[in-house]
Amino acid sequence: MSFTDLAGLGGIGFVLVAIVVNAGYIRGGLPLPNSGQSLDEVTAALASVGDALKRPSVLAPATWLFLTVFASGLLSVLWHGDAGPGAWALVGFAGVLMQNATFTVVEALRFGLASAAARDRGSVAGLWSLSNVLFGFNQVFLSAALIGFTAAGANAGLIAGWQTWLGYASAALLFVSAAASPYNTGGTNKIARVGLIGWLGWATWIVAYGISLLGR
């Protein structure tokens, strides 16, 4: 199996595992950013989350590994060491690396929140605000990944027209949602659906790109 095949499988695997992880969080009652819950409700949920937080998080490192392999595969196909349009793939690769690094902190903060809710409830408010804003700001890195790899892929003829528009539209939605993050310290972002639609577009875009890599 070639590296590009592995990269394609990595992209599809990232989306599938990310869905499983988030479904596990929702089923376990973990309060997620933009949930609209009051601080008291968030604290009570975090205090009782227990193993419902640990079990899905076991799979979280797999998502970062899969996404890194996927992005590395795209970079190897789209950029050839020059300063041409393919260099946009460097922007996409940087966006993926930054998203992985940032989301590692977001995941760790969830454990800090659960511990604070069980032992020192007075610190939950600050950690909850930090987690929400960081989660929101992280969307700008998804936007960078979409813009970079979409521009490079469209120039190389690797992606179809609909995927190009999907990439740019999703990037715009995620950027708008990221810019609004300072107004979501309490988890009550009024444009939360904008970010959600952007993320669903990002996930669809990755699956389509993964299939393209498998077909090479």
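The values are calculated or read from the model by the stated rules, or taken from the named source; none is laboratory data. None of these values were measured; they are calculated from a predicted model. A quick note on method: Cβ atoms are made from the backbone with ideal geometry, for glycine too, and the neighbour counts reach across all protein chains shown. Heads up: the accessible areas ignore ligands, DNA and RNA and are worked out on the full protein's heavy atoms, side chains in. Shrake-Rupley method; radii C 1.70, N 1.55, O 1.52, S 1.80 Å.
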Original post:
Is it the case that Y209 is touching a helix residue (DSSP H, G or I) at 6+ places or on another chain (Cβ under 7 Å), of a type in the set (S, T, Y), open to solvent by 60 Å² or more (accessible area, probe 1.4 Å) and assigned to a helix (DSSP H, G or I)?
Top reply: no
Subject >> Test for A101: is it open to solvent by 50 Å² or more (accessible area, probe 1.4 Å) and more than 28 Å from R193 (Cα to Cα) >> reply: no
**OP:** Taking only the range 104-124 into account, find how many residues are aliphatic (A, V, I, L, M), surrounded by fewer than 20 Cβ atoms within 10 Å (Cβ to Cβ) and in contact (Cβ under 8 Å) with a residue 60 or more places away in the chain.
**Re:** 1
Subject >> Per-region count, the range 6-56, residues under 23 Å from Y183 (Cα atoms) and in a loop (DSSP other than H, G, I, E, B) >> reply: 9
**OP:** Only residues that are without any contact (Cβ under 8 Å) to a residue 60 or more places away in the chain, out of contact with any Phe, Trp or Tyr (no Cβ under 8 Å at 6 or more places or on another chain) and open to solvent by less than 30 Å² (accessible area, probe 1.4 Å): list them for the range 6-27, please.
**Re:** V21, G24, Y25
**OP:** Would you check which residues across the range 1-53 are within 22 Å of the chain's Cα centre (by Cα), small (G, A, S) and closer than 19 Å to N184 by Cα and list them?
**Re:** S35, G36
**OP:** Output the qualifying pairs, or none if there are none: Cβ atoms under 8 angstrom, residues six or more apart or on different chains, first residue in the range 76-89 and modelled with pLDDT under 90, second residue in a loop (DSSP other than H, G, I, E, B) and open to solvent by 60 Å² or more (accessible area, probe 1.4 Å).
**Re:** G86/W79; G86/H80
Subject >> Residue list for the range 175-195, filter: free of Cβ contacts under 8 Å to residues at least 40 places away in the same chain and either hydrophobic (A, V, I, L, M, F, W, C) or open to solvent by less than 70 Å² (accessible area, probe 1.4 Å) (or both) >> reply: F175, V176, A179, I191, V194
**OP:** Within the range 125-174, count every residue that is without any contact (Cβ under 8 Å) to a residue 60 or more places away in the chain, of a type in the set (F, W, Y) and under 20 Å from G11 (Cα atoms).
**Re:** 4
